[in-house]
Each structure stands twice: as C-alpha cells, then as structure tokens.
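Below is one structure, written out as structure tokens, with a few remarks after it.
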Amino acid sequence: MNRAGRRRRHPLVLSLALVTLAAASLVGCGGQDGSGAEEQAALKPFYTQRLKWTACGDGLRCARLTVPRDYAHPENGKTFVLPVAKAAMADPDERVGSLVYNPGGPGASGVSDLKSDGGEAFSDSVRARFDIVSFDPRGVGGSKPAVTCADDTGEESGEPEPITPTTTEDRARAFATARAEAAACVRASGDVLRQVGTADAARDLDVLRAALGESKLTYLGWSYGTSLGTSYAEQFPRRVRALVLDGAIDPSLDWRERALSQGTGFRRAVDDYAEQCADIAGDSCPGATPAEISDLIEDLYEEAAREPLPVDDEDLYDVDARTLLDVVTAAMYTPEDEWEGLSDALTEAADGDGTKLAVLAEDEEPSTDSHRKARGTAPENDDAAIIAVSCLDIPHPRTAGPYWDALTAAEKSAGVYGTSSVVDELTCATWPTGTQRPHRVSAEGVPPVLVVGTTGDPATPYEEAESLADQFPGGMLLTYEGVGHTAYGRAGSCVTEAVDAYLIDRKPVRPGATC
C-alpha cells in the first residue's frame, strides 16, 4: 500500500457554529449541490450540530463531531464519532477563520498530532490569523468505531521473510501471510473496513467545515492529507477558500504505478543520503565517500539476508534484512533529525553490532509503514488504518500473479526499495473492495490550489507533485529543492513565506517558483 507517511504536528481550532449558519452551508453529496432535497434533509442534523468544546491541555480545546457512517443512508442511525481539537490562537481583530489540517498517514491522528506540538509547524503569521484545527479521520485514532486488526494471524513461520521473494515457496508464504493479515482485520473490524475510504472522509471534512461555522474551507494537507484535500476539492470545489497540498499523491496512478513511484523515491533518497551525508550528518557518516556509504549499506543488506545482525540487548530482536530496510527508509523522511543516528547505527552494524539499528527499529514501532507516530494521548491504530484506507481507495488484483509480474520492473528501477513496495501491496489482494478508481482530478470551479513538491521527497516523489498541480485547473506548483518528506514547516523561510501569503491573502505563486 502507499506508505505516504505523515508530516508533522500542528494546532487545531474550531469555531462554534451557529445553527442558522451551518444550515445555510449544508451541502449534499456528489459535488457542490448534487443531492436531492430528501438527502439534504437527512444530512441536516449532521451539518447543523454544535461542537461542545472542553479544555484538553496546553491551551487546546477538544470536541466530538458526529458523521454518518454511510452517506448513501445517513438516516439509518449508524455513525462515526470523530475527535476534533483546536488551538484558538488568532488575534480576534485579524482573524481570517479556521485552518483545518491533516498530518498524513493514512492512519495519523490529527488530534494527537496537534497535542504533540501545539501548532509549532505553522508560522507565527498563520497562527495570528487562523485558529488551527485537526481531527481524527473516520476509523483512525480515537474515532468511534475505529479500525482494528487481530494480533495473531496464525502465519508466523519462525523464518525471516526475504525482502524480494523469488522462490515458489517464498512467494507462497508471502501471499499466505498477506491473506492472513487481511483476514485478521476483517474479523476484528467487520463492515467498518468498507466505510473508511478517503472519499467519505472528505465528506466528513465538509461536515466539520459547517460545524466550524465556515462558509468555505481553508485547508493544508501533508502527504496522505493531499489525497484527502484533493477528494474534498473534487466533491466540493466551490466550498474551497484555500487549499495547500504538500507532499502530493497523484490520484491518476494505479496500485503498480504507485508502488514503483514510491520505491523509486526511496532508492533516490538513499542515494541522496550517500551523496549528502557529510553535509547533514557530519563526521558520523559511515563512509568517507558516497561510494563507500552505498557499498556499506548494500553489504549490510546481503549480510542481514544471510543471517540477522546480532544485538547486545536481550530485549531486542536481531536485525534481519527487512528490519534494516525499515530503519533506513524511516530515516529518509527527516534527514535533519535522523541521518546522524542512522549513520552511527550503520557504522556499528558494519563492525558486527546491530544494537543501534534494533533500537531505531523499536522506536519506529508500532508502525513502520508511516514514518511518524503521533505522540498524543489518543489511541493509535496506525498499522490497521494505513492498510484499511490504502486498500479501500485503490483497486488491487485479486490473484498473486500481477504482483510477481511487477517485481521485475520494481527491482530494476529501485532494487529492494521497489520490491518491498510491491510486496507491501499483497495484503490488499483479498481486502474488501471500494468504489474509487485511478483518475485525473475533476474539480471544475475550484480556486487556484497550491501544490508543494520536494525534489528529494522519498515517500511522495516530486513527479507526483508536478502531475497533481497540472491536473488542477489553475493549479500552482511550489518547488523545494531539498531532501526529506514534505516542505512546509521544515524547509525554511522561502517555503514558509510563499505558503503563508497564499493561506492568508490567497496570493498566487509565480510559475516555476522554487525555493
């Protein structure tokens, strides 16, 4: 599945919506005003709800938003109840409104994300003009109900699985393991798995907009949050005030194209690590030249595939090749924070001690599919949610053959980073199917959307940002020439000032704008 990861943590806000204003902003499904009077009447209780705010620590206030579980039958009484949080920091005399954000995932809790940093990823200028708001999407974090998967799949073989299954036996075991994982989620979550797709989450976002008392949405999405924002723009184009999509996911790619795109992104990121390690990690680099660093990493993969690297801690597992891969790719998201620690761990592993790699792997638990864990107090279900949303959003082959066919191209273009991305898709083969299909954006009437792309982004490669900006009518692309996942909040003043000017004053960026 697409392991887009997540960006950061930020503040949240919600304004108490007057019933009359919320009722006036009621929108139906399938576009701006596409629903009939009967459906609008059924949705009215959701759009006119009042958010009841209570203090929830560090100057934040929290509430719960109720949304229909099935928008085709909103009257049936089945709902999701979603946690919402806000940091109301705007100067009342300068306030523009509420800025809603999604930190990524899929599977990231927006409420935990906000609680973890109180909105520090947003600039002072933005926080002075907006209340910052986020929420847990349906099925995620503190959502009730939430997606969950049984712990015991019954498929533990005791043998480490190769990153690239080549033999008949390895492939049979990999497909059986993936099938068991899917079955465990179905057993634990039932029909909820069919109700957590991005299209419905975007409709929830419109209910939140109304509950905040906003006639139009101001939104920033990082990583998977770009998929959520894109879906919102397609369904409610004329209800967008300003939309920033940072670390873009291209909705026109099918499952295979996405796996190859992301695998190639990670391969290039590891090449960037070898080339730029000295600039970012200094003397800790595990080699004196880029070639030495690349060779060391390749040698470690081969060594760990033959026999897991030993650790000097009885509470940690030895490091097999897949664990090594997870640690290396996780470090590509925020080089400024993680390359030094990775370098130290690789140096010691080359000397025969995998302990620091094992510690880094442990820090990545419970999820290695998305690079950051929200560190708040809400319950987390990252692993289950990332599978559930990814598999439901993108159609997958139901038999193993197409996955094995894709391995050759993946290995050629991206080595283990490509083949692992393909193998990760296997779980979706027997997952409940959704209704979404790969498509180019259709959002007639949406105002200019700002897409931000990082040239060295590992998880959402720059080419996807270029494509997404081109698909939006009047779409704008802001390029950050750098490494790491996403740009706003970590890439310096050039990106910050351009995004802030767009969010606050809707100032466009010029064609070819680069930071």
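Examine the range 396-413 for a residue that is among the polar types (S, T, N, Q), surrounded by fewer than 20 Cβ atoms within 10 Å (Cβ to Cβ) and under 29 Å from Q195 (Cβ atoms), and state whether such a residue exists.
Yes, the conditions are met somewhere in the range 396-413.
Is there any pair with a first residue in the range 162-176 that is over 19 Å from A304 (Cα atoms) and a second that is at pLDDT below 95 and surrounded by fewer than 20 Cβ atoms within 10 Å (Cβ to Cβ) whose Cβ atoms are under 7 Å apart and which are 6 or more apart or on different chains, and what are they?
What qualifies is R173/S157; R173/E161; A176/E155.
Within the range 157-176, how many residues turn out to be open to solvent by 20 Å² or more (accessible area, probe 1.4 Å), assigned to a helix (DSSP H, G or I) and either acidic (D, E) or touching a helix residue (DSSP H, G or I) at 6+ places or on another chain (Cβ under 8 Å) (or both)?
Going through the range 157-176 one residue at a time, the tally reaches 4.
Hey, does the range 311-321 have a residue that's aliphatic (A, V, I, L, M), open to solvent by less than 10 Å² (accessible area, probe 1.4 Å) and within 14 Å of L360 (Cβ to Cβ)?
Yes, the range 311-321 has at least one match.
Run A121 past the list (1) touching a residue at least 40 places away in the same chain (Cβ under 8 Å); (2) out of contact with any His (no Cβ under 7 Å at 6 or more places or on another chain); (3) of a type outside the set (V, I, T); (4) assigned to a loop (DSSP other than H, G, I, E, B) and report the number of the one that doesn't hold.
Condition (2) is where A121 drops out.
Failed condition for V327, given (1) under 30 Å from S134 (Cβ atoms); (2) modelled with pLDDT of 95 or more; (3) surrounded by fewer than 20 Cβ atoms within 10 Å (Cβ to Cβ), with all others met?
(3)
Of all residues in the range 414-449, which are hydrophobic (A, V, I, L, M, F, W, C) and either assigned to a helix (DSSP H, G or I) or open to solvent by less than 10 Å² (accessible area, probe 1.4 Å) (or both)? Can you show your working first?
Just the residues of the range 414-449 that are hydrophobic (A, V, I, L, M, F, W, C), to begin with: 414, 416, 422-423, 426, 428-429, 431, 441, 443, 446, 449.
Passing the criteria: A414, V416, V422, V423, L426, C428, A429, W431, A443, V449.
Check T486, T433 and return the single one that is at positive phi and not aliphatic (A, V, I, L, M). I'd like the intermediate steps shown before the answer.
Values: T433 fails: at positive phi.
When all the criteria are applied, what remains is T486.
Evaluate the range 306-321: report whether one residue or more is under 23 Å from the mean Cα position of the chain (by Cα) and either at pLDDT 95 or above or under 21 Å from F266 (Cα atoms) (or both).
As a first pass, look at the range 306-321 and keep what is under 23 Å from the mean Cα position of the chain (by Cα): none.
No, there is no match, as no residue in the range 306-321 is under 23 Å from the mean Cα position of the chain (by Cα) and either at pLDDT 95 or above or under 21 Å from F266 (Cα atoms) (or both).
List every residue pair whose Cβ atoms sit under 6 Å apart, with the two residues 6 or more apart in sequence or on different chains, where the first one lies in the range 296-320 and is on the phi > 0 side of the Ramachandran plot and in contact (Cβ under 8 Å) with a residue 24 or more places away in the chain and the second, anywhere, is of a type in the set (S, T, Y) and surrounded by 20 or more Cβ atoms within 10 Å (Cβ to Cβ).
From residues that are on the phi > 0 side of the Ramachandran plot and in contact (Cβ under 8 Å) with a residue 24 or more places away in the chain, there are no pairs.
Say we look at the range 203-227 and pick out the residues that are in contact with a helix residue (DSSP H, G or I) (Cβ under 6 Å, 6 or more places away or on another chain) and not hydroxyl-bearing (S, T, Y); which of these is surrounded by the fewest Cβ atoms within 10 Å (Cβ to Cβ)?
If we filter the range 203-227 for residues that are in contact with a helix residue (DSSP H, G or I) (Cβ under 6 Å, 6 or more places away or on another chain), which is where we start, we get 205, 207, 210, 213, 216-217, 219, 221, 227.
Checking which are not hydroxyl-bearing (S, T, Y) leaves us with 205, 207, 210, 213, 216-217, 221.
Working: L205: 25, V207: 23, A210: 25, G213: 19, K216: 15, L217: 24, G221: 27.
Filtering first and then ranking leaves K216.
Go through the range 78-111 and report how many residues are in a strand (DSSP E or B), closer than 16 Å to G59 by Cβ and open to solvent by 20 Å² or more (accessible area, probe 1.4 Å).
The total comes to 1.
Assuming S231 fulfils every condition listed in (1) surrounded by 23 or more Cβ atoms within 10 Å (Cβ to Cβ); (2) not in a helix (DSSP H, G or I) apart from one, which condition is it?
Unmet for S231, out of (1) surrounded by 23 or more Cβ atoms within 10 Å (Cβ to Cβ); (2) not in a helix (DSSP H, G or I): (2).
The values are calculated or read from the model by the stated rules, or taken from the named source; none is laboratory data. All of these numbers come straight from a predicted model, not from anything done at the bench. Every residue, glycine among them, receives a Cβ derived from its backbone with ideal geometry; neighbour counts consider all protein chains shown. Note: accessible area is taken over every heavy atom of the protein model, side chains too, but ligands, DNA and RNA are not part of it. Shrake-Rupley method; radii C 1.70, N 1.55, O 1.52, S 1.80 Å.
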